[in-house]
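S.K.: First the structure, then my questions, so here it is.
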Amino acid sequence: MRCFIGIDLGSTTTKAVVLDESCQTLGRGITNSRSNYDTAAAVSKQEALINARFTLLRRELSGLPGIEETLESDLASLERAFRQVQFLDQLDDLEATCRHGATHARFLTQKDGIEAALSEVFRRLRDEAGRMFVPRAQKKSDFFRDLAGSRFISLAEGVSKELKVNFEVLTNLYDKAIIEVENRPPSGAIDKKFLAALETIRAKGAKSFDSPEVAARVRQALSLPLEEVYVVGTGYGRVRLPFPKEHIRSEILCHGLGAHLMYEGTRTVLDIGGQDTKAIQVDGDGIVENFQMNDRCAAGCGRYLGYIADEMQLGLHEIGPLAMKSTRNLRINSTCTVFAGAELRDRLALGDKREDVLAGLHRAIILRAMSIISRSGGIRDQFTFTGGVAKNEAAVRELRKLVKENYGEVTININPDSIYTGALGAAAFAQRAANA
Amino acid sequence: MNTRQTLVERCSALFEDLSFGASRAWKDAQPGRKVVAYMPVYVPRELIHAAGMLPLGILGAGESLEVIHGDAYYQSYICRIPRSTLELGITGRLDFVEGFLFPSICDVIRNLSGIWKLQFPDVYVRYFDVPQNYVDGIGGSYYRRELEELKEGLEHLAGRLITPEALRASITLYNENRRLIAGLYALRTERPWQVPSSELYLVVRAGMVLPVEDHNQLLKDYHAAAVEEELPIRDKSRIVLSGVFCEQPPLSLIKAIEMAGCYIVDDDFMLITRWLLQDVPLDGDPLQNLVDAFLHHSAETSAKYQPEAKLKGQYLVDAVKGTKAEGVIFAAPSFCDPALLERPMLQTKLDATLVPHIGFKYAENSGQMQPVREQAGTFADSIKLWSNP
Amino acid sequence: MTAADIVKEPSMLKQKEMIAHNYDLLTSAEARGQKVASTFVPGNLNELIRCFGLLNNLPEINAIQNGMRQLSGDYILEAEKRGHSEDVCTYVKADLGMMAKGNLAPNGKPLPKPDVLLLSYTGCFTFMKWFELVREQYQCPTIMLQVPYQGDGQITQNMRDYIVKQLKEEVIPTLEKVSGVKFDIDRLREHLAASAKAEDDLVWVLETGKLKPSPIDAYFGGVYYIGPIFTAFRGTQDAIDYYRLLRQEIEARIAAGLGPITPEGTMAKQKYRLVVEGPPNWTSFRELWKMFYDEGAVVVASTYTKVGGTYDLGFRHDPNHPLESLADYCLGCYTNRNLPQRVDLLQKYLTEYEADGLLINSIKSCNSFSAGQLMMMRTLERRTGKPGAFIETDLVDPRYFSAANVKNRLESYFQMIDQKRKVAATTGVHA
């Protein structure tokens, strides 16, 4: 099957989208960008291709008689089982890497203790793994580093006490090993992992895949070769991609086209990412007519909220909901990331409530975005909001208010998958380039 | 009852009203009235007044206006006053203004005149260039002709001629206005506890939006009330505030300086009200009298060239001496070319006469006053330690 | 690339010699007993200064030299250490920092103390403060020549009279006093006639940007082309010779169908024709240029090449009206024009030079240029339908050049032009 792939190398995450010949999305993948863009690109692409397999499976199996009832839940089980196989695979890699690290001369005297402790920590991690992949498990992230990391540290703490091994040594070994592991795309053949996952869920009683006809279709979906016809890279790290120049598009173009593909009526796009804010005007075909980015001063970008969250010792995902509890309009004037911290402390010291200060900060960054939109030519119907900040409900609330105040009634599109907008546009460019 | 409190409350309301209700009310009171806005640092308001129009001082939009469209036209390294002024324009808050004068103070305000021409083609927009040459036959002749051109422009806008009689009458009113403000400044210098600077600021600021006749009455009332009500004397250091002649700091900054232990005994707020240092004579050609006053009896600030090297910065030293100040606080708007380029020269001059000084920057919407309180407080304390060893 | 790889044409070598010679004259002036005037590029009265046998030292040019030689960063820090704000013009700070650190010319010898500061207050508020600051150091005679701003987009007789009066009653008498040389108006006429000759050739060169392919780059190349006329050489035989040589070289390039010369040789493909507004960045001049020629972007017209005179609008120094023509020269400099005039000029360039779009290099230091550029861009986009792009750098502050940031914007801009073209070529069809 001919596939067209777009990869968006952002400053914090790298996203990939796989399209088929008819520009339908087959799969999406995301990973953290790390320091190594090559790996980030490879991992996100692999994730998108895995995701594409599920789409193909769903296409093959949906509508088949007899399994209508069970298919969706079984597909979900399959995905979880697959993730678990993948996770265990990477855990093996992590353990091996940690053990290799432990062979260093400076650990010679404590070698046995360290090895015993590592064995125990990883044994417990594997035991726990099943629980991580049960339905509706609460996870803060899907990235291996986040899944394995927090548990490793907490388990290692207990084990180090029990076995009288230096806790610092274990965390040092982990810190070194995790960087190596996450900079290595998961090894092993993907189809084998699928089959292993399939076996697991069948053993647990999944019925959808039992009949010979279904089994044949499953095999077909899993073995269908996915041919990477054309890959287009975009995003902040695009110049670092190992791609020839004609395979690179600016994120402005990709965001414009991506937003158009998500919402055909889009005329104005606002993207607030970690490092920059973009306002893009597109025509009826998603072609960019004008754009503006935040000026050299990066005030009011997504990073601003991250900084504020750090200042308040909150998680990034916590500040939006907290700001929603605000009952009072409080004006925060500084969108300068550095000064905002000082202003925030000043306000809190004066007795202002955290939620009110936070709401003011959200408004401040949206005001900044409104200026950039105004600079690009204002808002035309429909208006599509993308980027990490589009997931923040407090930011969205302020945006809706300000759009209405300044531009009247406008359709505002916010796609839950808006983080893939750039990659989607890039994939569409790949499809066009291949068929040009 | 015109108590200090009611007067200050009235001024405060005028200060906070970004729709300029008082000026609109003046305009609406009679059909055909027109309003001419101006920016810092100096324009001859007498000419606008003599044409029957209201001069309206625009000093940005303070700390409360959210600037969206104004920001769209300015890079991050440009001060805030042009952004908020443009925001006032784009949001219709200045839709009752028929003319706008942009004085020669810096390149940002100069270029704002061009922006205004492009954005508001129906408004009479004039860049008001003043001479940097103070010789009668050179800069004076040039300025005379500039004033004539301005006069013609204003006459055209007003639809009536500015007669010498009308101009004399206006000069009389503005002479009075300058005397009244000078009187308040003198009172503050003498008894700073009696005239808190945050109040004086608001009372003078009211003159930006009120007709001069009303403002004169207000100044008289406030002076009377200020003398009437005794306020407690505090042990504070006397300082001159320098650099605040264009973009205005938030009122909270003035209060923060006062609360930190400083009496502001002189400042360069709204220099237009104290630009001409003597009464403009009423006899003879009034236009020429305005020219002469500008050339020979006008205030000094960064926007003016000082031809004599040894006199550069002397004005600040004189202000310190004249008000018996113990130090200088330089407060400049971020990115303010005139204030920030001038400051090192002023500091050199102060150092030579052993006047202590500190400096910081602000924006009209600065939200954090803690650093100001700390710096001004430390400065006030150090002045006391220094003067009472 | 090494210095040896950089292609040099005879005109470039000629200019290099001229500049080196001028610095040698300046650094030996005290020993030789020659007097020196310092003045600014816009509104510089080189012809008049030369009438008094004075050498002309231009602080902006020193700052540019220091920027290109990677010295300005240290100088700026030095000035900031001495109390200058990080917010203000870096030409000023580079100049003051250079003075504080020995005031060395590119030839390694100290520049002389000026005998007079000629403050040509033309189109830039900072000039006034700059020379007040410099005067503090040198305590030398200072002449203020105020050039009124074209606030209403025209030169009035009052403005012209004012300048002529200042020239007659203040500038000339002070220069006579400083130099000990009596003013000779016929000598001024000769210099002005020489200026006009070189100006003719400069205009011819700049207007070749209208050709396709353009034989010149009117911004990165253009800053070299304006060098002699904008600085210490206007009115000299050297300048006449330089422009004759340059013109011949460009005639040859046109005949051969060649594009502009870049540091890496002749530019081959010309994919994008741009008009540029704003001064260049000097600390990363080559790097920025490369971002253009690597993408096939050629600048066909620029406004920076008009800061020292708008000769392409018809102005010539005129020996028959010597002082009046100096007045008109000063009044007409690009940054002395109001925003609507600047918009009109850019519109003319976009149209007459058949450009794809407008690129603004917005300079942090220079409010005279920068304040209002976003309004200009929007107005021009509306009037011409051609897209604008906006990058931000500084003159000589290396802290303010972010290559990744600038490149990102430029690439996005070029790709947008590409995409628009494809749409235009296949109207109504998906690109």
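The values are calculated or read from the model by the stated rules, or taken from the named source; none is laboratory data. Only a predicted model underlies this, so the values are computations on that prediction, with no experimental measurement involved. Cβ sites come from the backbone with ideal geometry, for glycine too, and all protein chains shown count toward neighbours. Remember, those area values only see protein heavy atoms, side chains included, never the ligands or the DNA or RNA. Shrake-Rupley method; radii C 1.70, N 1.55, O 1.52, S 1.80 Å.
S.K.: Please verify whether the stretch B:366-376 includes one or more residues that are part of a helix (DSSP H, G or I) and polar (S, T, N, Q).
M.R.: yes
S.K.: Under 8 Å between Cβ atoms, at least 6 apart or on separate chains: pull out the pairs that start in the stretch B:120-148 with a residue that is within 17 Å of C:Val164 (Cα to Cα) and end on any residue that is of a type in the set (D, E, K, R) and not in a helix (DSSP H, G or I).
M.R.: That search, which allows pairs on different chains as well, returns B:Gln132/B:Lys304; B:Glu146/B:Asp129.
S.K.: For the stretch A:360-393, give me each residue that is closer than 18 Å to A:Val410 by Cβ, within 14 Å of chain B (Cβ to nearest Cβ), open to solvent by less than 10 Å² (accessible area, probe 1.4 Å) and among the β-branched types (Val, Ile, Thr).
M.R.: Once the filter is applied, which keeps residues that are closer than 18 Å to A:Val410 by Cβ, within 14 Å of chain B (Cβ to nearest Cβ), open to solvent by less than 10 Å² (accessible area, probe 1.4 Å) and among the β-branched types (Val, Ile, Thr), the stretch A:360-393 yields A:Ile366, A:Ile372, A:Ile373.
S.K.: Scan the stretch C:390-405 and tell me whether some residue there is farther than 29 Å from C:Arg286 by Cβ and either at pLDDT 95 or above or open to solvent by less than 30 Å² (accessible area, probe 1.4 Å) (or both).
M.R.: No, the stretch C:390-405 contains no residue that is farther than 29 Å from C:Arg286 by Cβ and either at pLDDT 95 or above or open to solvent by less than 30 Å² (accessible area, probe 1.4 Å) (or both).
S.K.: Okay, moving on. Run A:Ala433 past the list (1) in contact with a helix residue (DSSP H, G or I) (Cβ under 8 Å, 6 or more places away or on another chain); (2) outside the structural domain of A:Thr13 (by TED's automatic domain parsing) and report the number of the one that doesn't hold.
M.R.: For A:Ala433, the exception is condition (2).
S.K.: Across the stretch B:70-104, what is the total count of residues that are of a type in the set (Phe, Trp, Tyr) and not in a loop (DSSP other than H, G, I, E, B)?
M.R.: Of the residues in the stretch B:70-104, 2 are of a type in the set (Phe, Trp, Tyr) and not in a loop (DSSP other than H, G, I, E, B).
S.K.: Starting from residues that are more than 10 Å from chain A (Cβ to nearest Cβ) and open to solvent by less than 10 Å² (accessible area, probe 1.4 Å), keep the ones in the stretch B:60-77 and report whichever is nearest to the chain's Cα centre (by Cα).
M.R.: B:Gly60
S.K.: So which of C:Arg382, C:Arg378 is facing chain A (nearest Cβ under 8 Å), without any contact (Cβ under 8 Å) to a residue 24 or more places away in the chain and either touching a Gly at 6+ places or on another chain (Cβ under 7 Å) or open to solvent by 40 Å² or more (accessible area, probe 1.4 Å) (or both)?
M.R.: Within the list C:Arg382, C:Arg378, the selection yields C:Arg378.
S.K.: Further, regarding this structure: Of all residues in the stretch C:148-168, how many are without any contact (Cβ under 8 Å) to a residue 60 or more places away in the chain, more than 8 Å from chain B (Cβ to nearest Cβ) and in contact with a Lys or Arg (Cβ under 6 Å, 6 or more places away or on another chain)?
M.R.: Total satisfying the criteria: 0.
S.K.: If we only count helices (runs of 4 or more DSSP H) wholly inside the stretch C:281-358, which ones have 2 or more residues that are modelled with pLDDT of 95 or more, within 20 Å of C:Arg421 (Cβ to Cβ) and away from every other protein chain (no Cβ under 14 Å)?
M.R.: By residue number, C:285-293, C:339-352.
S.K.: Looking at (1) more than 16 Å from A:Arg380 (Cβ to Cβ); (2) without any contact (Cβ under 8 Å) to a residue 40 or more places away in the chain; (3) within 10 Å of another protein chain (Cβ to nearest Cβ), find the lone condition where A:Leu253 falls short.
M.R.: Just one mismatch for A:Leu253, condition (2).
S.K.: Please specify each residue of the stretch B:100-118 satisfying the condition of being without any contact (Cβ under 8 Å) to a residue 40 or more places away in the chain and facing chain C (nearest Cβ under 7 Å).
M.R.: B:Arg110, B:Asn111, B:Ser113, B:Gly114, B:Lys117, B:Leu118 - these are the residues of the stretch B:100-118 that are without any contact (Cβ under 8 Å) to a residue 40 or more places away in the chain and facing chain C (nearest Cβ under 7 Å).
Residue by residue, here is whether (1) within 26 Å of B:Leu295 (Cβ to Cβ); (2) hydrophobic (A, V, I, L, M, F, W, C); (3) over 19 Å from the mean Cα position of the chain (by Cα) holds:
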{"position": "B:Ile81", "(1), (2), (3)": "no, yes, no"}
{"position": "B:Val97", "(1), (2), (3)": "no, yes, yes"}
{"position": "B:Pro103", "(1), (2), (3)": "yes, no, no"}
{"position": "B:Pro121", "(1), (2), (3)": "no, no, yes"}
{"position": "B:Gln132", "(1), (2), (3)": "yes, no, yes"}
{"position": "B:Val135", "(1), (2), (3)": "yes, yes, yes"}
{"position": "B:Gly159", "(1), (2), (3)": "no, no, yes"}
{"position": "B:Glu176", "(1), (2), (3)": "yes, no, no"}
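S.K.: Of all residues in the stretch B:306-315, which are open to solvent by 10 Å² or more (accessible area, probe 1.4 Å) and either of a type outside the set (Ser, Thr, Tyr) or within 12 Å of another protein chain (Cβ to nearest Cβ) (or both)?
M.R.: Selection gives B:Gln306, B:Pro307, B:Glu308, B:Ala309, B:Lys310, B:Leu311, B:Lys312, B:Gln314.
S.K.: Within the stretch C:63-94, can you find the residues that are assigned to a helix (DSSP H, G or I), open to solvent by 10 Å² or more (accessible area, probe 1.4 Å) and either over 23 Å from B:Cys79 (Cβ atoms) or in contact with a Cys (Cβ under 9 Å, 6 or more places away or on another chain) (or both)?
M.R.: C:Ile64, C:Gln65, C:Met68, C:Gly73, C:Asp74, C:Tyr75, C:Leu77, C:Glu78, C:Lys81, C:Tyr91 - these are the residues of the stretch C:63-94 that are assigned to a helix (DSSP H, G or I), open to solvent by 10 Å² or more (accessible area, probe 1.4 Å) and either over 23 Å from B:Cys79 (Cβ atoms) or in contact with a Cys (Cβ under 9 Å, 6 or more places away or on another chain) (or both).
S.K.: Same structure again: With the structure loaded, tell me whether C:Lys16 is outside any helix (DSSP H, G or I), open to solvent by 50 Å² or more (accessible area, probe 1.4 Å) and not polar (S, T, N, Q) or whether it fails that test.
M.R.: No.
S.K.: Hand me the list of helices (runs of 4 or more DSSP H) wholly inside the stretch A:319-436 holding 1 or more residues that are at pLDDT below 90.
M.R.: Result: A:337-349, A:354-376.
S.K.: Output yes when any residue across the stretch C:234-250 is of a type in the set (Gly, Ala, Ser), away from chain B (no Cβ under 14 Å), surrounded by 22 or more Cβ atoms within 10 Å (Cβ to Cβ) and closer than 30 Å to C:Val343 by Cβ, and no when none is.
M.R.: Among the residues of the stretch C:234-250, not one is of a type in the set (Gly, Ala, Ser), away from chain B (no Cβ under 14 Å), surrounded by 22 or more Cβ atoms within 10 Å (Cβ to Cβ) and closer than 30 Å to C:Val343 by Cβ, which makes the answer no.
S.K.: Let me ask another. If you take the residues of the stretch B:158-211 that are more than 14 Å from B:Ile272 (Cβ to Cβ) and basic (Lys, Arg), which of them is least open to solvent (accessible area, probe 1.4 Å)?
M.R.: So, considering only residues that are more than 14 Å from B:Ile272 (Cβ to Cβ) and basic (Lys, Arg), the one least open to solvent (accessible area, probe 1.4 Å) is B:Arg188.
Yes/no per residue for (1) open to solvent by 60 Å² or more (accessible area, probe 1.4 Å); (2) touching a Ser or Thr at 6+ places or on another chain (Cβ under 9 Å):
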site	(1), (2)
A:Ala81	no, yes
A:Gln86	no, no
A:Gly101	no, no
A:Gln110	yes, no
A:Glu128	no, no
A:Arg131	yes, no
A:Ala137	no, no
A:Leu147	no, yes
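S.K.: Still on this structure: Got a sec? Which of A:Lys204, A:Lys245 is closer than 20 Å to A:Arg80 by Cα and at pLDDT below 85?
M.R.: A:Lys204
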